[in-house]
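Worksheet: the structure to be examined is printed underneath.
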Amino acid sequence: MIRRETIVEAMYNAIRLGATKMPPDIRRALQNALKEETDPMAVKHLEVSLQNADMSEKGNGLVCADTGFPMYFIHAGAKTQLEGGFGILKECAEEATARATAECFLRPTMVHPLTRKNPGNNVGPGMPKIEVVFDRDDDSLEILAAPKGGGSEIFGTFYRMMFPADGEAGIKKFVIECIKDACYAGKVCPPAIIGVGIGGTADLCMSMAKKAALLRPIGKKHTDPEAARLEKELYEASRKLGIGPMGSRGINAVLAVNVDVAVTHTAALPVAVNAQCMVGRRWIAKIDGNGNIDYTGEME
Amino acid sequence: MAEIRDIKLPMTEEDVKSLKLGEMITVSGLLFTGRSRLHIRAIEDNIYPPIDYEKINCFFHVGPVMRQEEDGEWKVVSCEPTSSIRFERYGADVVRKFKLRTLIGKTTMGPATAQALKEVGGIYLSKIGLSGNALKDQVKKVHDVYFLDELGKTECTWIYEVDHFGPFFVAMDSEGNNYFEDLAKEAESKMPEIEKDLGIPAGYDYTEVNAK
């Protein structure tokens, strides 16, 4: 049985660490990008951003002031038991988010969409976002906290319902145009991680794009060879745009293109794109059945 | 790389004219912050911070993370410039209303703001990388805050005194030139070749299902 206070503690620390540390795979990818860029502005954008991440790590500052949308992606096992049941996960996430906001690890950013009123704690209908999947066979609870910046979500979200006749050419045209538009003037804070969802329903398609952008370590390819081929072709195409870090002249508009697929209606070809910014914030808290918490920035 | 110039705020017309597109600079002096709500309210409702815009003439597009210390003093936890292109609907009117010579933000702004900057003799500076931690250390004093209760810590207006704040680069000069628009044209010109490499037929278009 995992206690309620353990869950809140794990969520709070995961979102705090997410806001203050750059994940190691993202840092390695940015360092590799820095080696490739030659334009002085492109180089400077990356040098400054890596220094900024160092400063936040040392001084408990923030990797980016826009801590954005608070989200928790949770994995549970068949034998996982929570004090109070799984229904408490939402209030645990609210408590953890409000605490991290009060302590200035998260900026109070969530507002009502119509009144624009800001409750000051990042908690309201639908936020923080939590998603639970039961895909483990043990008694653990794994929480990935992802504070996602506005730039990448606002300027990096695209959806198009295409048709079977639009074919792979349509998918590729849509994605490369999305990358060009998203990276214009550094809107999504490139080098971005581009998540692409293909198939499913409209909401599943977008959800796949988001998870492909946020939850996959850099360099990991899709197991479906067709999806992996698209990832490679689109990544290579993005490097020919002439767009680099923060929209400067360069090569690295993106760090990775991650595709995911789902079966879809025989009449449909839905495609969604969701971008993650260069800091790629996410941190993981793993709670075992005895309530021990282990934190890591490394994805499997 | 050449030494980065520091320009005193408020900028003079001569300062502005001397700045070249793509040049990296820092600024020192007083600035005010704001984002969507300031733009909308200033133009739609004529509500804006009652400051002397001749003296505090630099508009920093940002929603900082702010912490109030036990003695009541406000400290900047982080300040990362926010995307200015979102404000384009009101950007030109705000520049004209306050005769702003210096805008600092992220991304760029559109043709209407470029025209307004040309009229008042102003420039737009865009951020270099993510640098919220360095920038917060360059804020020497938080002088004042307006509309904190109404708008909250993120959207309200803070008055900062900054020292060697930046670096930023000139993304729009006072002649109406835009660093990013030039780059966008270059990227656009590469699209036909990229599409060809991806196997997209020339003149390809998506299936149209709506009345034209």
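Of all residues in region B:171-190, how many are more than 7 Å from every other protein chain (Cβ to nearest Cβ) and either modelled with pLDDT under 95 or in contact with a helix residue (DSSP H, G or I) (Cβ under 7 Å, 6 or more places away or on another chain) (or both)? Working first, answer last.
Of the residues in region B:171-190, the ones more than 7 Å from every other protein chain (Cβ to nearest Cβ) are B:171-179, B:181-182, B:185, B:188-189.
Retained after the next criterion (residues that are either modelled with pLDDT under 95 or in contact with a helix residue (DSSP H, G or I) (Cβ under 7 Å, 6 or more places away or on another chain) (or both)): B:171-172, B:174-176, B:178, B:181-182.
The number of residues fulfilling the criteria is 8.
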Would you confirm whether any residue within region A:135-149 is touching a residue at least 60 places away in the same chain (Cβ under 8 Å), within 30 Å of A:Arg229 (Cα to Cα) and in a loop (DSSP other than H, G, I, E, B)?
-> yes
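If you take the residues of region A:83-122 that are among the β-branched types (Val, Ile, Thr) and away from every other protein chain (no Cβ under 14 Å), which of them is nearest to B:Met66 (Cα to Cα)?
Narrowing region A:83-122 to residues among the β-branched types (Val, Ile, Thr): A:88, A:97, A:101, A:109, A:111, A:115.
With the extra rule that they be away from every other protein chain (no Cβ under 14 Å), the set shrinks to A:88, A:97.
Values: A:Ile88: 31, A:Thr97: 17 Å.
This residue is A:Thr97.
Please work out if A:Lys172 is within 16 Å of the chain's Cα centre (by Cα) and assigned to a helix (DSSP H, G or I). Explain how you work it out, then say what you get.
Details: within 16 Å of the chain's Cα centre (by Cα): no; assigned to a helix (DSSP H, G or I): yes.
For A:Lys172, the condition - within 16 Å of the chain's Cα centre (by Cα) and assigned to a helix (DSSP H, G or I) - is not met.
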For region A:166-196, which residues satisfy the criterion of being open to solvent by 10 Å² or more (accessible area, probe 1.4 Å), over 19 Å from A:Met208 (Cβ atoms) and within 9 Å of another protein chain (Cβ to nearest Cβ)?
-> A:Ala169, A:Lys173, A:Glu177, A:Lys180, A:Tyr184, A:Lys187, A:Cys189
Selection within region B:178-200 - open to solvent by 70 Å² or more (accessible area, probe 1.4 Å) and of a type outside the set (D, E, K, R) = B:Ser189, B:Pro192
Across region A:195-221, what is the total count of residues that are touching a helix residue (DSSP H, G or I) at 6+ places or on another chain (Cβ under 6 Å) and in contact (Cβ under 8 Å) with a residue 12 or more places away in the chain?
-> 5
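Just one of A:Ala102, A:Ala93 is of a type outside the set (D, E, K, R), more than 30 Å from B:Met24 (Cβ to Cβ) and without any contact (Cβ under 8 Å) to a residue 60 or more places away in the chain; which is it? Reasoning before the result, please.
Values: A:Ala93 fails: without any contact (Cβ under 8 Å) to a residue 60 or more places away in the chain.
Checking each option against the conditions leaves just A:Ala102.
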Qualifying residue in region A:32-44 (condition: farther than 28 Å from A:Ala253 by Cα, among the basic types (Lys, Arg) and open to solvent by 40 Å² or more (accessible area, probe 1.4 Å)) = no
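Just to check your reading of the model, which residue among A:Asp288, A:Asp260, A:Asp294 is buried (at least 22 other Cβ atoms within 10 Å of the Cβ) and among the charged types (D, E, K, R)? Before the answer, list the steps.
Working: A:Asp288 fails: buried (at least 22 other Cβ atoms within 10 Å of the Cβ); A:Asp294 fails: buried (at least 22 other Cβ atoms within 10 Å of the Cβ).
Answer to the check: A:Asp260.
Out of curiosity, is A:Leu89 in a helix (DSSP H, G or I) and either within 20 Å of A:Gly289 (Cα to Cα) or in the same structural domain as A:Val257 (by TED's automatic domain parsing) (or both)? Write out each step before concluding.
Working: in a helix (DSSP H, G or I): yes; either within 20 Å of A:Gly289 (Cα to Cα) or in the same structural domain as A:Val257 (by TED's automatic domain parsing) (or both): yes.
The answer is yes for A:Leu89.
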Looking only at region A:102-113, decide whether some residue is surrounded by fewer than 24 Cβ atoms within 10 Å (Cβ to Cβ) and either of a type in the set (Lys, Arg) or touching a Cys at 6+ places or on another chain (Cβ under 7 Å) (or both).
-> no
When you scan region B:105-138, how many residues do you find that are more than 17 Å from B:Arg89 (Cα to Cα), open to solvent by less than 20 Å² (accessible area, probe 1.4 Å) and either without any contact (Cβ under 8 Å) to a residue 12 or more places away in the chain or of a type in the set (Val, Ile, Thr) (or both)?
-> 3
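From the set of residues in region B:1-22 that are acidic (Asp, Glu) and closer than 21 Å to B:Glu119 by Cα, which is surrounded by the most Cβ atoms within 10 Å (Cβ to Cβ)?
Start the filter on region B:1-22 by keeping residues that are acidic (Asp, Glu), which leaves B:3, B:6, B:13-15.
Filter once more, keeping what is closer than 21 Å to B:Glu119 by Cα: B:13-15.
Details: B:Glu13: 12, B:Glu14: 8, B:Asp15: 20.
So the residue we want is B:Asp15.
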Flag if A:Asn290 is in contact with a Ser or Thr (Cβ under 9 Å, 6 or more places away or on another chain) and polar (S, T, N, Q) | no
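Of all residues in region B:191-211, which are of a type in the set (Gly, Ala, Ser) and more than 8 Å from chain A (Cβ to nearest Cβ)?
Those that are of a type in the set (Gly, Ala, Ser) and more than 8 Å from chain A (Cβ to nearest Cβ): B:Ala202, B:Gly203, B:Ala211.
Just name the residue that is least open to solvent (accessible area, probe 1.4 Å) out of those in region A:233-252 that are more than 9 Å from chain B (Cβ to nearest Cβ) and not polar (S, T, N, Q). Break it down into steps so the answer makes sense when it comes.
First, pick out the residues of region A:233-252 that are more than 9 Å from chain B (Cβ to nearest Cβ): A:235, A:239, A:244, A:250-252.
Still in the running and not polar (S, T, N, Q): A:235, A:239, A:244, A:250-251.
Details: A:Tyr235: 64, A:Arg239: 64, A:Gly244: 0, A:Gly250: 17, A:Ile251: 52 Å².
In this case the residue turns out to be A:Gly244.
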Could you check B:Ala116 against (1) more than 9 Å from chain A (Cβ to nearest Cβ); (2) part of a helix (DSSP H, G or I); (3) farther than 28 Å from A:Ala182 by Cα and say which number it fails?
-> (3)
Test: residue in region A:175-193 that is farther than 18 Å from B:Lys106 by Cα and not in a helix (DSSP H, G or I) = yes
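The values are calculated or read from the model by the stated rules, or taken from the named source; none is laboratory data. No experiment lies behind these values; they were computed from the predicted model shown. Virtual Cβ from ideal backbone geometry, glycine too; neighbours counted across all protein chains shown. SASA here: full protein model, heavy atoms, side chains in, ligands and nucleic acids out. Shrake-Rupley method; radii C 1.70, N 1.55, O 1.52, S 1.80 Å.
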